[in-house]
Structures are given as C-alpha cells and as structure tokens.
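Working notes, structure below.
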Amino acid sequence: MSAAEPESSLQSIRYRRGSLAVLDQLALPQHTRYLPVIHVQDGWKVIHKMQVRGAPAIAIVGCLSLAVELVNEPLSDKKTMRQEIEGKLNYLVSARPTAVNIKLAADDLIEFSNSLNEDEFVSAEDMKERFITRIEDMLQKDINDNKAIGKFGAERIIKQTSGESIRVLTHCNTGSLATAGYGTALGVIRSIHSEKKLDHVYCTETRPYNQGARLTAYELVHEKIPSTLIVDSMVAALMKTRNITAVIVGADRVAANGDTANKIGTYQIAVLAKHHSVPFYVAAPLTSIDMSIVSGDHITIEERPEKEMTHIGEHRIAAKGINCWNPSFDITPAALIAGIITEKGVFLPQNLQDTVSLLKKTE
Ligand code: MRU
C-alpha cells in the first residue's frame, strides 16, 4: 500500500519502488495473503482472475506492475522504451473490458511517454524515472480523490436529511479494497460515519461473486461501522420497511450522459429506489467518466464464467445441465440517478458533460 494510507485501513496494495504485492481478494475473508506482482503478466493475471478488482484498483495495480517491471529491467533506449510501454499498457487494458479507469490511465501514460520520447532534453534515464514517478503518483491521487468524494457526498446527504440519522444501502465493494484507499461509495459512508450522522449501512451480498458479503462486510466490520448484510432479493423489502435515506454505489464507467455501468444488480436497485423515492447516488472519481461515449449503450459488458453462478467454491449448487447467463455489470440509466459524486463536487447527470469539459479546460 502507499505510505499515505492510514494504518488502520485495509491494505489492498503494498507498493514501494521495485516491489508490488496485492491482497488476494479471492481468499478473503478467510485468508489474508499477498501475491507478489513482478511482471506485467502478473498484473494482467491478478486483474483477470479478480484477485484485484474494483475500477480504480484495477488501473493502479495494472500500471504499477509496469512500473515494477521497468525498475527491475536494464535501461533501454528511449524509442524502445516507448514502444514497450505502449504494447504493455494495451495488453493490461485487455485484462477486463468494462471499467474505464485503466484505459484512461493507459492513454494518458502512452501520451506522456510519447512526449518524453520526443523531448531531446530528456535522457533515457530521466524518461524512465519520470514515467515511473507518474505511475506512483496515481496512488496518492486516488486516495486524495476518494477523500474529496467522501466529503462532498457526506455534505450532500447530511444536508438532504435535515438532522435525522442516516441509513444507507450500498452494493458491491467500493472501499479500500477496490481503490488505493478510503473508497468511493464506501468513502462517502465512512465520511458520514465520522461526522457521527450514520445510523446504519446495509450492504447487499452481490451475487454471484459476493463482493458485498465477502469484501464490503469485511471492511465494515474492520472499520466498526454499524452494518447489516442482506441478500440481493431483499432490497425492495428493505426500502419498504427500513426508512432508507439514500443508496450510494460506485461505477466502472460513466458515459457522457450520466448512464452508469456498475456491478450487476445496480440497475434493479436504482429502479426500486425510484419507486420508493429514495435518492440514488453514484460515487466515482473523474477517472471513471468516459466522455468519449455518449450513452451507456456503448459500454462493453463483461460476461464471466458460469461457474461463478453454479458453484460456491468447488461445491456445485445449481442443477447440472442448466444454461447460465452471467453478465458482470449492468447499466443504470441517468434518469434514475440523483447525483454523481466526484472529487470536484456533486453533479446532476444531465450537467456532467458541460461540467467535466469545463473542469478539463481549467486544469
Ligand atoms: O467486478 P468488480 O468486483 O471489479 O466490480 C466492481 C464494481 O462494480 C465497483 O462497484 C466499481 O468498480 C467501483 S469500485 C470503487
């Protein structure tokens, strides 16, 4: 993990220059074990197998695997380095298709390596150093962004409640395990809790991969945040009976019109929230916003192996011979979203495009 992450938080990423290890999220909550990532191939593998998952963590671990490989290999000339960087980043992007963060990070790093290569005042040694530092900076930036998301999100939701204590529902895992630290949607919850305004969090099991039951529940217990686990089919009953203040989820990719891809099951929660007049918020850094696509119709949805549905571990629970469909994400239409909570503020989906273009201009 980056040096900046508070010690009490879970460390999903352990990094120091030349060395990277990631907490194996497939082994949680039973076992806490770290997997060494030495080469770009290791980075691809831990992302593809979902030993590391969550849109920001995927981007950071993928890019850090390249940084580690670069540190440990002999210095090549600038042109070769540039070519290798581009090829390896494109390979890392192919590990999982839906989350946009790794794609945007790769595009930015490829552009940066092109500019270093073209600058005649930059030596091969400087190029390598500056490129690695650029990747390392992603760790601290993600934590800072998440804390800002937490602050903006907490302010919005506390304001909305006029003093009542807050009950939140969240889906999937968006905490320290899914990011460099603090979390996005879980960061907002953490922030409401530290303001002493949180009554309770409900987290869904998040079938079929159980990120809620295995990972979010683990983080909530670890952080001593008052919380209850429900199965995915209990959401309507929960909203009907438990006076839920808001739903807060993360995002894997937000389109320019605000349509949001997130873990399968998010869309049905948003529909239920609308029915019960519960505001539905998406918490995501600007690195999850894909301005190159106009709507969610252009987002590729990853389909995962049917074994994730038919088995729990090695134990088969579904009837043999049944067909399965296992999309890992769904798209929540912008019309169901009350606000997109970013590190720059909370935006209405319909204002996202103008606001993000303006922010980019003033950067
Ligand atoms: O398949 P996963 O576990 O990588 O999916 C994760 C999610 O859908 C998260 O909600 C999203 O990446 C946001 S993480 C801050």
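The values are calculated or read from the model by the stated rules, or taken from the named source; none is laboratory data. The shown structure was predicted, so the numbers you read here are calculated from the model rather than taken from an experiment. All Cβ positions, glycine included, derive from the backbone under ideal geometry; neighbour counts span all protein chains shown. Side chains included, ligands, DNA and RNA excluded: accessible areas come from the protein's heavy atoms. Shrake-Rupley method; radii C 1.70, N 1.55, O 1.52, S 1.80 Å.
Quick notes on this structure:
- Using only alpha carbons, the chain has a radius of gyration to Kirkwood radius ratio (Rg to Rh) of 0.97.
- Considering only segment 150-362, percent of DSSP beta bridges that pair antiparallel, nearest 5: 40
- Among beta bridges that DSSP assigns inside segment 232-326, antiparallel share in %, nearest 5: 45
- D (Stokes-Einstein, µm²/s), Kirkwood Cα radius, segment 97-189, 1.567 mPa s at 4 °C: 82
- Beta bridges by DSSP in the chain, antiparallel share as percent, to the nearest 5: 50
- Positive-end residue, segment 150-362 charge dipole about Cα centroid, Cβ charges, pick of Asn351, Ser227, Tyr209: Ser227
- Magnitude of the charge dipole for segment 13-142, about its Cα centre and with charges confined to Cβ atoms of Lys, Arg (+1) and Asp, Glu (-1), is about 740 debye.
- For Asp252, the accessible surface of its heavy atoms amounts to roughly 20 Å² (probe 1.4 Å, protein chains only, rounded to the nearest 10).
- Computed over segment 163-280, the P(r) curve from all C-alpha pair distances, binned at 5 Å from the origin, holds 2, 12, 24, 26, 22, 11, 3, 0 percent per bin.
- Dipole magnitude for segment 237-363: computed about the Cα centre from +1 point charges on Lys and Arg Cβ and -1 point charges on Asp and Glu Cβ, it is near 420 debye.
- Note on segment 241-356: with neighbouring protein chains present and a 1.4 Å probe, carbon and sulfur make up 53 percent of its accessible heavy-atom surface.
- On the principal axes of its alpha-carbon atoms, segment 150-362 has extents of 55, 39, 34 Å, going from largest to smallest.
- Placing +1 on each Lys and Arg Cβ and -1 on each Asp and Glu Cβ, with no other charges, gives the chain a dipole about its Cα centre of roughly 1240 debye.
- If R0 is taken as 30 Å, the Cβ-Cβ distance between Asn351 and Tyr91 corresponds to a FRET efficiency of 0.25.
- Relative intensity, log₁₀ I(q)/I(0), of segment 256-363 from a Debye sum that treats every alpha carbon as a point, q = 0.14, 0.19, 0.20 Å⁻¹: -0.66, -0.96, -1.02
- Only one residue of Ile192, Ile102, Thr32 has its Cα farthest out toward the positive end of the dipole of the chain, where Lys and Arg carry +1 and Asp and Glu -1 on Cβ, and that residue is Ile192.
- Model label zone, Ser292; criterion: amide N under 16 Å from point 7 Å along Cα-to-beta-carbon; scope segment 223-260: 253-257
- Percentage of interatomic Cα-Cα distances in segment 317-362 larger than 13 Å: 69
- Over the residues of the chain, the helix contribution to mean residue ellipticity at 222 nm works out to -13000 deg cm²/dmol, using -39500 (n - 2.57) for each DSSP H run of at least 4.
- Cα convex hull, segment 13-142: 91 Å³ per residue, rounded to a whole number.
- Spherically averaged projected area of segment 74-120 from its Cα convex hull (nm²): 3.4
- Approximate shape of segment 56-210 as ellipsoid semi-axes (Cα gyration tensor, √5λ), whole Å, largest first: 39, 17, 11
- Two-decimal Rg to Rh for segment 11-88 - Kirkwood Rh, Cα set: 1.02
- Ordering of 332-341, 220-229 by packing [mean C-beta count within 10 Å, highest first]: 332-341, 220-229
- Here's how it looks for Asn262: its modeled amide H is under 5 Å from those of Asp252, Asp330, Thr332, which are all 5 or more places away or on a different chain.
- For peptides 343-349, 79-85, 19-25, sequence by mean Cβ density within 10 Å, most packed first: 19-25, 343-349, 79-85
- When the chain is treated as a Gaussian network with alpha carbon springs shorter than 10 Å, the biggest mean-square fluctuation among Lys320, Lys45, Lys147 belongs to Lys320.
- Whole-angstrom gap from segment 151-212 to segment 87-128, using each part's C-alpha centre: 33
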